[in-house]
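The values are calculated or read from the model by the stated rules, or taken from the named source; none is laboratory data. Since this is a predicted model, take the numbers as computed values, not measurements. Backbone-built Cβ (ideal geometry, glycine too); neighbour counts: all protein chains shown. Accessible surface areas use protein heavy atoms only, side chains included; no ligands, DNA or RNA. Shrake-Rupley method; radii C 1.70, N 1.55, O 1.52, S 1.80 Å.
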Amino acid sequence: SIRRQRQMCIRDRLKVLTVPKNSLLKQYQKLFLLEGVVLEFQKNALTEIARLAMQKQAGARALRSVMEEYLMNIMYEIPDMEGLEQVIITKETITKGGSPIYKSKIKQIICVVYNPMFCRILYFCLSYNKPESYLLNLFHE
């Protein structure tokens, strides 16, 4: 006899997405790590991915389709983003196509010092691991 498979609920899809050793979520995290970037998802973003996959009515395979749809452009952009350390996918990234949260490992502070004899712009590059500062003489008299 032919048995009908029960429809996967959102909770089931979340488990498929996150729990297995080689889950789809972990696969994407490894791809991002190849670029030196940590990929994280807010819980409500994962729930939204599961919900959209459920609408496609294609079982667990729809999860890959939804993930590709929302992560592909980001994956192409990150190699050009210097100092990028972390990408956080939010619900808005999934529902509205908004940008994820990008976190950089380099913080930049520009300080302009005025003096009657010269004008200098100080450029400080602060890394989380090694604070370094650079002095750029852009203009002086």
Problem - Positions within the range 7-21 being under 25 Å from Gln55 (Cβ atoms) and not β-branched (Val, Ile, Thr), in sequence order - result: Gln7, Met8, Cys9, Arg11, Asp12, Arg13, Leu14, Lys15, Leu17, Pro20
Completion exercise
Note on Gly36: of the conditions (1) at pLDDT below 90; (2) on the phi > 0 side of the Ramachandran plot, unmet is (1)
Exercise for the section: Give, as residue ranges, the strands (runs of 3 or more DSSP E) completely inside the range 26-111 that count at least 1 residues that are without any contact (Cβ under 8 Å) to a residue 60 or more places away in the chain, open to solvent by 90 Å² or more (accessible area, probe 1.4 Å) and not hydrophobic (A, V, I, L, M, F, W, C). Expected result: 101-104
